[in-house]
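Reading through the structure tokens given below for one structure.
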Protein chains: 2
Amino acid sequence: MATIKVGMLGIGTVGQGTFRVLTMNYDKILASTGLDIQITKIYNRHPELDRGVDVPEGVYTTDVNDILKNPDIDIVVELIGGVEPASTFIKTALENGKSVVTANKAVIAARGQELAQIAMDHHVLLRFEAAVCGGIPIITSITTALLSNHFEELQGILNGTTNFILTKMEEEGLSYQEALGMAQEKGFAEADPTADVDGLDAANKLSILISLVFGISAPPAQIPTRGISNVSSIDMDFASEMDFRIKMLASAKEENGKVYAAVSPALVPVDHPLASVANEFNAVFLTGNAVDDLMFYGRGAGAMPTGSAVVGDVIGVARKFEKDSDYDLVPQLRYDGGLDFAGEGSGRYYVRMTAPDQPGVLGRITTILGWHNISIDTVVQRPQKKAKGQSSTAPGSATLLFIFQKAEKKVIDRALSEILLDKAVTSVENVMRVVEE
Amino acid sequence: MATIKVGMLGIGTVGQGTFRVLTMNYDKILASTGLDIQITKIYNRHPELDRGVDVPEGVYTTDVNDILKNPDIDIVVELIGGVEPASTFIKTALENGKSVVTANKAVIAARGQELAQIAMDHHVLLRFEAAVCGGIPIITSITTALLSNHFEELQGILNGTTNFILTKMEEEGLSYQEALGMAQEKGFAEADPTADVDGLDAANKLSILISLVFGISAPPAQIPTRGISNVSSIDMDFASEMDFRIKMLASAKEENGKVYAAVSPALVPVDHPLASVANEFNAVFLTGNAVDDLMFYGRGAGAMPTGSAVVGDVIGVARKFEKDSDYDLVPQLRYDGGLDFAGEGSGRYYVRMTAPDQPGVLGRITTILGWHNISIDTVVQRPQKKAKGQSSTAPGSATLLFIFQKAEKKVIDRALSEILLDKAVTSVENVMRVVEE
């Protein structure tokens, strides 16, 4: 039996989950691995608050250096969140010879490369399974059992909040605002839901996955990102009629030495395994040149699922310690893939526009699309309901729904700008990728 | 750069896939891990046959001891299949200080415990990710990232052949025989399909998963196993009307210190993630006390997906070698879980019977069910079509379809025997488990 002393930074939701998983499954972990894992210190700026977990006397500390520079601590678990001060704490811990386990996607997406190098230099480990998709063992799988593959493509439902909202819009016919309200009530969305609904959270996770899968740096801010707030019941109805479901997808693909990526709502064929991922669940669908299609499905957030991944990493690090081996210093994050990051690339896209309900509009739109060699796969025109009090003989508006054949996204953007400049349409209201069968 | 010399036993489908994966992804593996993995010997009893892979001069040998007892070989990869002589070869390799990677589910299910002990005694590793669900990294995940969990339940579509057949019956309205023929044409089913369609292949895989997940021995022959050959279009139609899909499930569950398990066709609610696993794909759905529900989906067979898992294991073993560490001797297979294996347990079941079309039959059936405290959830009675030439006034038969409320499987079996003895029904034609939402 080897005793492993863990110092934890933060005792919020994930900290409480991690504490509970370690307590609840202590016997099982000891029996399977011979590891006696003890949380001996917790950095907690507010020890007076009740955290709902039974932390023994003397474990809480308000001085972070009691952990970062404590020679008795073997592993530091960072669960504060946000880039700073978390990133500085992790750096200090690594420099003091401690391996670090973190659930912090923002830190890994922003500083992963630098921190991985510091870990290498100090012969310690940096692990972050919980940073992407909570309890789903996607990082472990990519960096161990699937390492024999060259990956071609990945598509993920990486954000539970947006998946919950889109599921409720589809299944219960709620508006975006109503579904967001329901997500907030159930605790799946923050009071300020921006990071989730605008896709920033998913972009952080996608950036980490791109490093693991393709070995390149794709900073979150450079990943084209569109949120779900423009998704309407019109889009939902159209998708349903055409046998699609709307999912917020984080996608990346390699083609001819370039990596294309985007975070965007997308139309997913109902028969695709990603279409069955409902409510707050996450999934990653990826394609390797040996293993072909794989999908991982599970809970991407929450105290216990995230705690499961944190404790999994702690066990992984501890197993290495115990035998005094640093074999696994192969950096998980890689930036030597020799590929270029190249934006969103090409694909099939769905576009919803509003146009004046008058003759010739469709002709002008298709002419401009033709200049850009964009072909139309499907077009549906619907009259818009008049606003209350509006004269029924006033000139109305029409909704135009298109699916374009495969084209470069930047060419589509250019064509849509020209269509708007031409005043052929009043507005372009939603653009979504269409996933192939 | 560390050179790892691999000796491979067998160059059939999986051997060819393993060879191809290693050749095709050699550069990627070298770049990510620093490992130069070379297949230096292949045991091939028929070197005159064309295997469709470009094996260099001098690599083939017809003497298995050229590999098992060769001091230059670091890792032995066993891809012969079947319990013997594969099991003896693995034993000899381990005793000669070589780590072994195998894709052989029959060997691991039958001799895993003994072989794991021999590996421990000789400080070498025994890995078998490819033995369960081909390319899906289920064993790695359970024994590393998910080790922090106590698992409550697992349900798997572990056999691609039966899933393909059931999918074609459902989607194209084929009979069992027609769908089996199509599977054979496409190479998804053997000329003798018994091991697949009767569930023996799935029982081997389930036995391995039970050891990993629950830490007990459940020999395949002791797992209640029912095949798919009784599944008819009547069952398919009923399932579809009731919003189920029929899947061949391997299931295991812990309750009060007992582990229940069975392999059987089952009714899966269409909204359940397992229901969307179509054609030859496999999936494992499992529930941990921290991570909650997880599903792994992918290709469970085929040269390249299985080769992906074999090479993943070779890399895993080689990484340990390189650093001269044996930290990972924690046995993956466990038999110290302190639980009892207790057969199939209880659940909701679907039963299809044929009965004479005459008054009182349903009353007699329900009376006998009542004696056993079995309640009926759903019952549907349908007239059977007369055979050609049969008088339309001859006494006919009726098909009775039941879903029972939760009951012990052995009690249901007893009740069905009495119903048959009573001659209340002519035959009991199919029994399937009903999966909860």
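Within region B:98-105, identify whether any single residue is over 22 Å from the mean Cα position of the chain (by Cα) and either basic (Lys, Arg) or open to solvent by 20 Å² or more (accessible area, probe 1.4 Å) (or both), and answer yes or no. Yes. Against the test of being more than 7 Å from chain A (Cβ to nearest Cβ) and either modelled with pLDDT of 95 or more or open to solvent by 10 Å² or more (accessible area, probe 1.4 Å) (or both), the options B:Ala290, B:Ala309, B:Ala303, B:Ala266 yield a single qualifying residue, B:Ala303.
The set of residues in region A:148-168 being under 12 Å from A:Lys247 (Cβ atoms) and among the aromatic types (Phe, Trp, Tyr) consists of A:Phe164 alone. Selection of region B:168-195 for residues being closer than 14 Å to B:Asn279 by Cβ and either within 19 Å of the chain's Cα centre (by Cα) or assigned to a loop (DSSP other than H, G, I, E, B) (or both) yields B:Leu174, B:Ala183, B:Lys186, B:Gly187, B:Phe188, B:Ala189. Only one of the numbered conditions (1) open to solvent by less than 30 Å² (accessible area, probe 1.4 Å); (2) hydroxyl-bearing (Ser, Thr, Tyr); (3) more than 18 Å from B:Ser264 (Cα to Cα) is not met by B:Thr162, and that is (3). A residue that is aromatic (Phe, Trp, Tyr) and touching a Lys or Arg at 6+ places or on another chain (Cβ under 9 Å) occurs somewhere in region A:256-269. When you look at B:Ala131, is it buried (at least 22 other Cβ atoms within 10 Å of the Cβ), over 18 Å from B:Val213 (Cα atoms), in contact with a helix residue (DSSP H, G or I) (Cβ under 7 Å, 6 or more places away or on another chain) and of a type in the set (Gly, Ala, Ser), yes or no? When the stated conditions are applied, B:Ala131 does not pass them.
Take the conditions (1) open to solvent by 10 Å² or more (accessible area, probe 1.4 Å); (2) touching a residue at least 24 places away in the same chain (Cβ under 8 Å); (3) under 16 Å from the mean Cα position of the chain (by Cα); B:Ile234 misses just one of them, which is (3). Considering the conditions (1) surrounded by 22 or more Cβ atoms within 10 Å (Cβ to Cβ); (2) at pLDDT below 95, B:His123 is excluded by exactly one of them, (1). Check region B:280-303 and report whether any residue there is out of contact with any helix residue (DSSP H, G or I) (no Cβ under 9 Å at 6 or more places or on another chain) and outside any strand (DSSP E or B). No, region B:280-303 contains no residue that is out of contact with any helix residue (DSSP H, G or I) (no Cβ under 9 Å at 6 or more places or on another chain) and outside any strand (DSSP E or B). Taking the conditions (1) more than 30 Å from A:Leu200 (Cα to Cα); (2) modelled with pLDDT of 95 or more in turn, A:Thr92 satisfies each one other than (1). From (1) outside any strand (DSSP E or B); (2) open to solvent by 30 Å² or more (accessible area, probe 1.4 Å), pick out the condition that doesn't hold for A:Lys253. For A:Lys253, the failing item is (1). Somewhere in region B:206-214, is a residue under 17 Å from the mean Cα position of the chain (by Cα), in a helix (DSSP H, G or I), more than 24 Å from B:Gly298 (Cβ to Cβ) and touching a residue at least 40 places away in the same chain (Cβ under 8 Å)? No, region B:206-214 has no match at all. The residues of region B:321-364 that are modelled with pLDDT of 65 or more, of a type in the set (Phe, Trp, Tyr) and either within 18 Å of B:Asp422 (Cβ to Cβ) or part of a helix (DSSP H, G or I) (or both) amount to a single one, B:Phe321. Taking A:Ala275 as the residue in question, decide whether it is open to solvent by less than 60 Å² (accessible area, probe 1.4 Å) and not in a helix (DSSP H, G or I). Here the answer is no, as A:Ala275 does not meet what is asked. The residues of region B:134-167 that are touching a helix residue (DSSP H, G or I) at 6+ places or on another chain (Cβ under 7 Å), assigned to a loop (DSSP other than H, G, I, E, B) and either under 24 Å from B:Thr225 (Cα atoms) or of a type in the set (D, E, K, R) (or both), listed by number, are B:Gly134, B:Leu158, B:Asn159.
I'm trying to understand the selection: among the residues of region B:270-287, which are β-branched (Val, Ile, Thr) and within 8 Å of chain A (Cβ to nearest Cβ)? B:Val277, the sole residue that qualifies.
Of the residues making up region A:344-383, just one is in contact with a Pro (Cβ under 8 Å, 6 or more places away or on another chain) and buried (at least 17 other Cβ atoms within 10 Å of the Cβ), namely A:Glu344. Restricting B:Ala202, B:Ala218, B:Ala179 to those that are open to solvent by less than 10 Å² (accessible area, probe 1.4 Å) and within 30 Å of A:Gly316 (Cβ to Cβ) reduces the list to B:Ala218. If the condition is being touching a helix residue (DSSP H, G or I) at 6+ places or on another chain (Cβ under 6 Å) and open to solvent by 10 Å² or more (accessible area, probe 1.4 Å), then region A:107-119 contributes A:Ala109, A:Arg111, A:Ile118. Restricting B:Ile4, B:Ile39, B:Ile73, B:Ile29 to residues that are out of contact with any Phe, Trp or Tyr (no Cβ under 8 Å at 6 or more places or on another chain), under 26 Å from A:Asp292 (Cβ atoms) and crowded, with 17+ Cβ neighbours inside 10 Å narrows the list to B:Ile29.
Among the numbered criteria (1) touching a Gly at 6+ places or on another chain (Cβ under 9 Å); (2) under 11 Å from B:Pro265 (Cβ atoms), which one does B:Ser229 miss? With (1) touching a Gly at 6+ places or on another chain (Cβ under 9 Å); (2) under 11 Å from B:Pro265 (Cβ atoms) applied to B:Ser229, the lone miss is (1).
Going through (1) surrounded by fewer than 24 Cβ atoms within 10 Å (Cβ to Cβ); (2) modelled with pLDDT of 90 or more one by one, B:Ile138 falls short only on (1).
The values are calculated or read from the model by the stated rules, or taken from the named source; none is laboratory data. Remember, predicted model here, so these are calculated numbers, not experimental data. Cβ: placed from backbone, ideal geometry, glycine included. Neighbour counts: every protein chain shown. Please note that ligands, DNA and RNA were not included when accessible areas were found on the heavy atoms of the full protein model with its side chains. Shrake-Rupley method; radii C 1.70, N 1.55, O 1.52, S 1.80 Å.
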